[in-house]
Amino acid sequence: ISLIRPGAIALEFLDRAVLGQGGDMSAAGASIGAPVIVAGSSVGRMSTGSFGPITFASGVSDSGDPVDTGNTFVEADALYAFFSVSGMKDGENWQTRWLLDGEEVLKENQTWSGGDVASTWVSISHPDGLPKGEFTLELYLGDEVAQSGGFTIAARGQRDRGRCGRVRGPDQRH
């Protein structure tokens, strides 16, 4: 079995990333409430804002906190990346970029609205489960990576390959 997965094949396994904020869940599955992120804007100049460290989790509590944090997950349908945001002004452009085993599988341009937040989250999911492999999330301000982090989706019984600790990345809401 080849360990190389072309981006086109990997895209079949992944749903679009979902941005979460505090509040009630909408029918589409994304939380609604401040701040609001609007997909489809173009990324441009460098922001003076910053993202805090990324914490990956297998779930989100009713209060919006990460549940079951870590860097290795077994047979997960969805993973959440929590990070803080500071110094960004409403209307500033930012971007999420997800990679699987080094291949880009999803990239979304977004526009920030909501000012500073202690914690917010984005997620990646698939109803049949995320494919096994090494995932990386890159958060961009302008055209530059401002924060990044990674996690592993492992098969049941597969051992962690020694990755541990918190990833570097943006922190959204607590």
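The values are calculated or read from the model by the stated rules, or taken from the named source; none is laboratory data. The structure presented is a predicted model; accordingly, all values stated were derived computationally and were not measured. Virtual Cβ from ideal backbone geometry, glycine too; neighbours counted across all protein chains shown. Heavy atoms of the whole protein, side chains included, go into the accessibility calculation; ligands, DNA and RNA do not. Shrake-Rupley method; radii C 1.70, N 1.55, O 1.52, S 1.80 Å.
Counting only residues that are over 15 Å from Glu138 (Cβ atoms) and either in contact with a Phe, Trp or Tyr (Cβ under 9 Å, 6 or more places away or on another chain) or of a type in the set (Val, Ile, Thr) (or both), which one in the range 86-101 is modelled with the highest pLDDT?
If we take residues in the range 86-101 being over 15 Å from Glu138 (Cβ atoms) and either in contact with a Phe, Trp or Tyr (Cβ under 9 Å, 6 or more places away or on another chain) or of a type in the set (Val, Ile, Thr) (or both), then Ser86 is modelled with the highest pLDDT.
Sort out for me the strands (runs of 3 or more DSSP E) sitting completely within the range 43-123 that have 1 or more residues that are small (Gly, Ala, Ser) and either open to solvent by 20 Å² or more (accessible area, probe 1.4 Å) or out of contact with any Leu (no Cβ under 6 Å at 6 or more places or on another chain) (or both).
Of the strands (runs of 3 or more DSSP E) lying wholly inside the range 43-123, those with at least 1 residues that are small (Gly, Ala, Ser) and either open to solvent by 20 Å² or more (accessible area, probe 1.4 Å) or out of contact with any Leu (no Cβ under 6 Å at 6 or more places or on another chain) (or both) span 55-60, 78-86.
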